[in-house]
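Before any comments, here is the structure.
The values are calculated or read from the model by the stated rules, or taken from the named source; none is laboratory data. It should be emphasised that the depicted structure is a prediction, and the values quoted were computed from it without experimental measurement. Reconstructed Cβ throughout: ideal geometry from the backbone, glycine too, with neighbour counts over all protein chains shown. SASA here: full protein model, heavy atoms, side chains in, ligands and nucleic acids out. Shrake-Rupley method; radii C 1.70, N 1.55, O 1.52, S 1.80 Å.
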Amino acid sequence: MNISSSKNISESVTWVGKWTFVLAAAGSAVGLGNIWGFSYKVGEAGGSAFVLIYLGCILVVGLPIMMAEIMIGRYSQHSPVSAMKKAAIDSGKSGYWQSVGWTGLFSGVLILSFYSVLAGICINYIGIAAMPNTDISSFEQYAQVTGSPSTLFFWHSIFIGMNIAIIASGVIAGIERMVRLLMPILFILMIVMLINAMINGDFNAGLAYLFTPDFSKVNPETFLSAMGQAFFSLSLGMGSIMCYGSYMRKSEDIFKTSLTVAGLDTLIAILAGLAIFPMIFAYGMEPQQGTGLVFKSLLTIFIEMPLGNIIGPAFFMLLSIAALSSAISLLEPSVAYFEENNIFSRSAAAIILGLIIWFVGIGSILSLNSWENEYFLGERNFMDSIIYLTFNILMPLGGMLVAIFAGWFFKPRLAMEELSAANVNIFKTWRFFIKFVSPVLVASVFIYQLLG
Ligand code: TRP
């Protein structure tokens, strides 16, 4: 593939609005990971100690790697595969660095395949929360939903269809227009949920749970979980942010925008915790519920509480919107690759990739019912295998390689040019972290996991 002759997307595509990069990247970052994932992980890890370690991971590992991804994307103005190749060749290094981009495309397809199944459950729950079946408990209701392949299949297909439609419409008419519409709604819904928790929940118990550190609960697993969560939540290690960065204007300050995106992502995760835990405590439930926390416990609460048939659907609408704006960032890098190399048109690429992802997703649907105990990797069913592969291997590997490349292989002069809007001290600090701190921390987590 000859990069110079391939269509240079910078000529045709840059975000139109000044704030679009921030909105789109925050849309990518804020997703099921923040609301559903963060809350159940905080619950499992025993609260605030996890929150503190998570914040540390965001600052020390997440922020430098996010800056690196944006820098590489914007420098080369190409989708991740070609971006890595161009950045490497321009630095006098091997074009094989493009394999980092390929790993990213591969993990994007895998992540979206199960993400879509979960998002489908969230959409389904908008209706369930509006008209719950009060003859059965929320636990039975959840078992009914996950036990029915046809229900899951229906909503999974709807969700993939929405993704295809948005991505096929293009970067500006699809992604930009969607995030400008969805992100303000998401924020308003979040505030509604917070006010609800203040009125109907035990807000002090929620605050104490999230912010009074109890280090007796910290163990190596807490670090692993917090680091994985930080990576996933910031959409790192797979190319989403790199791809969105390639549409960013040269005049924007990469440090400030990264800080804003990481800040918004963290804010929403904490707000989600403050919206969920006060309710859990007020209704005498257990925070250590695992993945069913929002679908089982919260649904029970919505059924019991005043105006629950309005607040409940609004909550699941919030989850669905957050999921949609994240999902499109998982599909975009690979579609952009096919489009920019004139392999397929954008629409054809969106449809073909969407169908592949849809098909792989069927494995995750069945993992919730008939394939629950069919093992693939070790003693993991299909969905758990994909989650393991992406969370524990592909994403940390991608993030680590991006950090190593940005710190050790990318020409410092080029990095300096991209990050020049920041002052010299910020640049130096970033370089120190991306060279020594982030890769070493990610590598140690990675190795610990492989051995464990
Ligand atoms: N960050 C999203 C969430 O929190 C998910 C996501 C979108 C993602 N793009 C990604 C995760 C890229 C990893 C890599 O739900």
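Filtering 13, 42, 51 for residues that are modelled with pLDDT under 95, under 18 Å from residue 211 (Cβ atoms) and surrounded by fewer than 24 Cβ atoms within 10 Å (Cβ to Cβ) leaves a single hit, 51.
Being under 26 Å from the mean Cα position of the chain (by Cα), open to solvent by 10 Å² or more (accessible area, probe 1.4 Å) and more than 25 Å from residue 323 (Cα to Cα) narrows it down to one of 211, 232, 203, so name that one. I'd like the intermediate steps shown before the answer.
Values: 232 fails: more than 25 Å from residue 323 (Cα to Cα); 203 fails: under 26 Å from the mean Cα position of the chain (by Cα).
Answer to the check: 211.
The single condition among (1) open to solvent by 10 Å² or more (accessible area, probe 1.4 Å); (2) of a type outside the set (Ser, Thr, Tyr); (3) closer than 22 Å to residue 159 by Cβ that residue 365 does not meet is (1).
Contact map, segment 329-341: residues that are farther than 21 Å from residue 22 by Cα and open to solvent by less than 20 Å² (accessible area, probe 1.4 Å) paired with residues that are at pLDDT below 95 and more than 15 Å from the ligand (Cβ to nearest atom), Cβ distance under 7 Å, separation 6+ or inter-chain. Pairs shown: 340/6; 340/7; 340/9.
Of everything in segment 375-392 that is in a helix (DSSP H, G or I) and without any contact (Cβ under 8 Å) to a residue 40 or more places away in the chain, the residue that is nearest to the chain's Cα centre (by Cα) is 388.
Restricting attention to segment 419-445, and to residues there that are among the aromatic types (Phe, Trp, Tyr) and touching a residue at least 60 places away in the same chain (Cβ under 8 Å), which single residue is least open to solvent (accessible area, probe 1.4 Å)?
As a first pass, look at segment 419-445 and keep what is among the aromatic types (Phe, Trp, Tyr): 427, 430, 432-433, 436.
Filter once more, so that each one left must be touching a residue at least 60 places away in the same chain (Cβ under 8 Å): 430, 433.
On the way: 430: 10, 433: 60 Å².
Checking each candidate, the answer is 430.
So for segment 104-114 (the condition being out of contact with any helix residue (DSSP H, G or I) (no Cβ under 6 Å at 6 or more places or on another chain), part of a helix (DSSP H, G or I) and either more than 16 Å from the ligand (Cβ to nearest atom) or among the hydrophobic types (A, V, I, L, M, F, W, C) (or both)), does at least one residue qualify? Let's see the steps before the verdict.
Step one: filter segment 104-114 for residues out of contact with any helix residue (DSSP H, G or I) (no Cβ under 6 Å at 6 or more places or on another chain), giving 106.
Those still in the list that are part of a helix (DSSP H, G or I) too: 106.
Filter again for either more than 16 Å from the ligand (Cβ to nearest atom) or among the hydrophobic types (A, V, I, L, M, F, W, C) (or both), leaving 106.
Yes, that holds for at least one residue.
None of 326, 297, 347 is over 26 Å from residue 237 (Cβ atoms), among the polar types (S, T, N, Q) and open to solvent by less than 10 Å² (accessible area, probe 1.4 Å) except 297.
Residue 267 - would you say it is open to solvent by 30 Å² or more (accessible area, probe 1.4 Å) and within 15 Å of the ligand (Cβ to nearest atom)? First the steps, then the outcome.
On the way: open to solvent by 30 Å² or more (accessible area, probe 1.4 Å): yes; within 15 Å of the ligand (Cβ to nearest atom): yes.
Yes: the conditions hold for residue 267.
Residues in segment 300-316 that are within 16 Å of the ligand (Cβ to nearest atom) and open to solvent by 20 Å² or more (accessible area, probe 1.4 Å): 0 in all. All conditions in (1) over 19 Å from the mean Cα position of the chain (by Cα); (2) buried (at least 17 other Cβ atoms within 10 Å of the Cβ); (3) in contact (Cβ under 8 Å) with a residue 40 or more places away in the chain hold for residue 249, with the sole exception of (2). When only residues in segment 99-135 that are without any contact (Cβ under 8 Å) to a residue 40 or more places away in the chain and open to solvent by less than 40 Å² (accessible area, probe 1.4 Å) count, which is nearest to the chain's Cα centre (by Cα)? Across segment 99-135, the extreme among qualifying residues is 120. Among the residues of segment 231-247, those identified as of a type in the set (Gly, Ala, Ser) and more than 10 Å from the ligand (Cβ to nearest atom) are 245, 246.
Of the residues 172, 160, only one is within 25 Å of the chain's Cα centre (by Cα), among the β-branched types (Val, Ile, Thr) and open to solvent by 40 Å² or more (accessible area, probe 1.4 Å); which?
Selected residue: 172, the only one of 172, 160 that is within 25 Å of the chain's Cα centre (by Cα), among the β-branched types (Val, Ile, Thr) and open to solvent by 40 Å² or more (accessible area, probe 1.4 Å).
Right, residue 352: open to solvent by 30 Å² or more (accessible area, probe 1.4 Å), touching a Phe, Trp or Tyr at 6+ places or on another chain (Cβ under 8 Å), within 26 Å of residue 38 (Cα to Cα) and at pLDDT 95 or above or not? Taking the combined requirement at face value, the residue does not satisfy it.
Within segment 71-103, being in a loop (DSSP other than H, G, I, E, B) and of a type in the set (D, E, K, R) holds for one residue alone: 93.
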